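Taking it in order: structure first as structure tokens, then the write-up.
The values are calculated or read from the model by the stated rules, or taken from the named source; none is laboratory data. Bear in mind the structure is a predicted one, so any value in this text is a computation, not a measurement. When we count neighbours, we look across all protein chains shown, and the Cβ atoms used for this are built from the backbone with ideal geometry, even at glycine. The protein model used for the area step is the full one, side chains on, heavy atoms only, and it has no ligands, DNA or RNA in it. Shrake-Rupley method; radii C 1.70, N 1.55, O 1.52, S 1.80 Å.
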Amino acid sequence: MARTAYFDAPLPRVLAHRGLSQHRRDIDENSLEAFQEAISHGASHIESDVHATKDGIAVLFHDEDLRRVAGIDKKISAVSFEELSAISLLNGTRIPSLAQGLQLGVRLNLDIKSSAAIEPTVREIEAFQAHERVLVSSFSSARRRKALSMLSRPVATSASMREVIMAWASHSLGGVGFGSIVRDLDAFQIPPSQGPIRFATEGFISRAKRHGVEVHFWTVNDPAQMQRLIALGADGIVSDRVDLFS
């Protein structure tokens, strides 16, 4: 568990999912403009996935290809960063590198989406000495653990979905082994529910917090639902519409 300055922001944490772009037609998701817009509307953290280009540059982007956001049938992993930088997204902005995101000086929530992105992500965190202002996560526990092992200093980290399910099962059985499951974790970043499993309960949230694990729910865009989750004890909300918190 690494209680870094990543958690120094006031509660509740307001995490901008891919920045803030859905309220305007002239900003693309995951662009530097979207990140700056989110910050101007009170976001305490920026959430982004991380992919790697063909030449091993970590970039802040959600999709593995450019079809949805640029109308180009190419994968991020198949182009160099120079080539990627020349591609205009649908609203005229560009896909930023992780280095460019770190230059903003904000707290970043990074979800490593491929094995190829592990080393480039670690390299930039080290280059910027950004250990205190990043959280490293992945849907793959193996990817997450490998990235953490390569860093020279601890960073905040959140559970993979496998670990979340294990923690929920433990909670359902009265908490047996819960502490062991979350020993090296700082946060759960989870949907309110998944299939028949409901994570958004006061009991589950309270148990996590007793073990020093924050609970952040995604992706919540309805202000009323945001407030219900915070009332249950949620520490943070991941949202496409952080402007609705203002």
**Residues of region 62-94 that turn out to be touching a Leu at 6+ places or on another chain (Cβ under 6 Å) and surrounded by 16 or more Cβ atoms within 10 Å (Cβ to Cβ), as a count** = 2
**Asked** Across region 95-128, what is the number of residues that are in contact with a His (Cβ under 9 Å, 6 or more places away or on another chain) and of a type in the set (G, A, S)?
**Response** 3
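For (1) in contact with a Gly (Cβ under 7 Å, 6 or more places away or on another chain); (2) under 21 Å from V59 (Cα atoms); (3) in a strand (DSSP E or B); (4) among the aromatic types (F, W, Y), each residue gets a yes or a no:
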residue: P120; (1), (2), (3), (4): yes, yes, no, no
residue: Q129; (1), (2), (3), (4): no, yes, no, no
residue: L135; (1), (2), (3), (4): no, yes, yes, no
residue: K146; (1), (2), (3), (4): no, yes, no, no
residue: R153; (1), (2), (3), (4): no, no, no, no
residue: R162; (1), (2), (3), (4): no, no, no, no
residue: S170; (1), (2), (3), (4): yes, no, no, no
residue: S206; (1), (2), (3), (4): yes, no, no, no
residue: H216; (1), (2), (3), (4): yes, no, yes, no
**Complete:** Restricted to region 227-244 and to residues being in contact with a helix residue (DSSP H, G or I) (Cβ under 7 Å, 6 or more places away or on another chain) and part of a helix (DSSP H, G or I), the residue surrounded by the fewest Cβ atoms within 10 Å (Cβ to Cβ) is L244
**Request:** Answer yes or no: is there a residue in region 191-203 that is crowded, with 18+ Cβ neighbours inside 10 Å and either free of Cβ contacts under 8 Å to residues at least 24 places away in the same chain or outside any loop (DSSP other than H, G, I, E, B) (or both).
**Result:** no
**Asked** Here are V59, V14: which of them is under 29 Å from D184 (Cβ atoms), outside any helix (DSSP H, G or I) and either open to solvent by 30 Å² or more (accessible area, probe 1.4 Å) or touching a Pro at 6+ places or on another chain (Cβ under 9 Å) (or both)?
**Response** V59
**Asked** Just one of V220, V176 is of a type outside the set (D, E), out of contact with any Phe, Trp or Tyr (no Cβ under 8 Å at 6 or more places or on another chain), open to solvent by less than 30 Å² (accessible area, probe 1.4 Å) and part of a loop (DSSP other than H, G, I, E, B); which is it?
**Response** V220
**Message:** Quick check on V106: is it among the β-branched types (V, I, T), in contact (Cβ under 8 Å) with a residue 12 or more places away in the chain, within 25 Å of E214 (Cα to Cα) and surrounded by fewer than 21 Cβ atoms within 10 Å (Cβ to Cβ)?
**Reply:** yes
**Message:** Condition check: at pLDDT below 95, within 22 Å of Q129 (Cα to Cα) and open to solvent by less than 20 Å² (accessible area, probe 1.4 Å). Does A9 satisfy that?
**Reply:** yes
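Which ones in region 29-52 are at negative phi and either open to solvent by less than 10 Å² (accessible area, probe 1.4 Å) or assigned to a strand (DSSP E or B) (or both)?
If the condition is that a residue be at negative phi and either open to solvent by less than 10 Å² (accessible area, probe 1.4 Å) or assigned to a strand (DSSP E or B) (or both), then S31, A34, F35, A38, H45, I46, E47, S48, D49, V50, H51, A52 are the ones that fit.
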**Prompt:** Can you pull out the residues in region 201-246 that are more than 18 Å from the chain's Cα centre (by Cα), among the small types (G, A, S) and within 11 Å of F188 (Cβ to Cβ)?
**Reply:** A208
